[in-house]
Amino acid sequence: MPGIGELWNLLIMEPMLNVLVLLYSLLFNNFVLAIIGLTIVVRLVTFPLTQKQIRSMKSMQELQPEIQKLQKKHAKDREKLSAATMELYKKHGVNPMMGCLPMLIQMPIWIGLYQSIYQALGSTPEQFIGLSQRLYHSIPFMYGIATRSIPLKSQFLWLDLGRPDPFYVLPVFVVAIFWLQQKLTAQPAVDPSQAQMNRSMQTMMPIMFGFITLQVASGLAVYWVASGVLQIVQTGFTTGWGDVTKVLPKGIPGLPRREETRKDGRKKKKR
């Protein structure tokens, strides 16, 4: 019976590695394009679940006035407040746990991609042999295309995609993208202590991922940035761009003014 490590390689790491190398071969031997292509594939696979999460978060935000009424009604009894809030969610078909599922699914993808990048961007003969052994020999077409691309080029602009960004540009982008995602998916708080905890998480999570980006391969940071941008675009098309623009700083060129944006996310027509 295979061990956990062997199952992990079989089900997570090796499929991602093979897709990554194949995309690299098809996308002009460009590893950044391969990572972006893999990001799109992952986003397409997880699209239904992410769509449910976005709509669930939107519904919870729309229920905020009713939640505030419940907070006033049960101000002195937290158990009744929690029960009434859950009943309200159930009545409107809202699942507050939906916000956690996409993150839980993404975690093994991040780890698998981290391992795949280091495996794909080897620089020694032993690493090249190890990469060749992990490619799918049973698919001759795919194997033939992939092996012709070895060794893979890790350089893109100033980046070595197998190493951290030396100029700290990607960590800044990662912090900004995660901050915006946190703002867009923020859940309404049932009580003040939960609200404070949510605000702390919205601040700490982006900073934490920024620090992680300082230590890991910049290829993983490219995935985080690309995935975050696609998430924001999906949110804009699902709930309206008003939800996106209202959390951005004022005065960004090309964005509609907040007072000119309707609830459906479209700009109001000027009379």
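Residues Tyr136, Tyr24, Tyr168, arranged from fewest to most other Cβ atoms within 10 angstrom of their Cβ, appear as Tyr168, Tyr136, Tyr24.
Placing one equal scatterer on every Cα of the stretch 4-249 and applying the Debye formula, the log10 ratio I(q)/I(0) at q = 0.13 Å⁻¹ is -0.87.
Using a Förster distance of 41 Å, how high is the FRET efficiency between Trp110 and Lys69, based on the Cβ-Cβ distance and rounded to 0.05?
Working: r = 40 Å, r/R0 = 0.97.
In this case the efficiency is close to 0.55.
Residue pairs exceeding 22 angstrom between C-alpha atoms, taken from Lys58/Lys91; Lys91/Lys183; Lys90/Lys183; Lys69/Lys90; Lys58/Lys90: Lys91/Lys183; Lys90/Lys183.
How much length would be gained if the chain were fully extended between Lys183 and Leu27, taking 0.36 nm per residue of separation minus their Cα-Cα distance, in nm to one decimal?
Values: separation 156, 0.36 × 156 = 56.16 nm, distance 3.38 nm.
Length difference between fully extended and current span is 52.8 nm.
Figure legend: label point modelled 7 angstrom from the Cα of Gln51 along Cα→Cβ; residues of the stretch 223-242 with amide N under 17 Å from it are 230-240.
Where a ≥ b ≥ c are the square roots of the eigenvalues of the C-alpha gyration tensor, would you call the stretch 93-170 rounded, which needs a/c under 1.5, or, failing that, prolate if a/b is larger than b/c, or oblate? In terms of gyration-tensor shape, oblate. Take the Cβ atoms of Arg78 and Asp160, set R0 to 51 Å, and the FRET efficiency comes out at 0.45.
A cut-off under 12 angstrom between Cβ atoms defines the neighbours of Lys73, and their net charge, with Lys, Arg +1 and Asp, Glu -1, is +2.
No value in this document is a laboratory result; all are computed from the given coordinates. Source: prediction; values computed, not measured. Here Cβ is always computed from backbone atoms with ideal geometry, including for glycine, and neighbour counts include all displayed protein chains.
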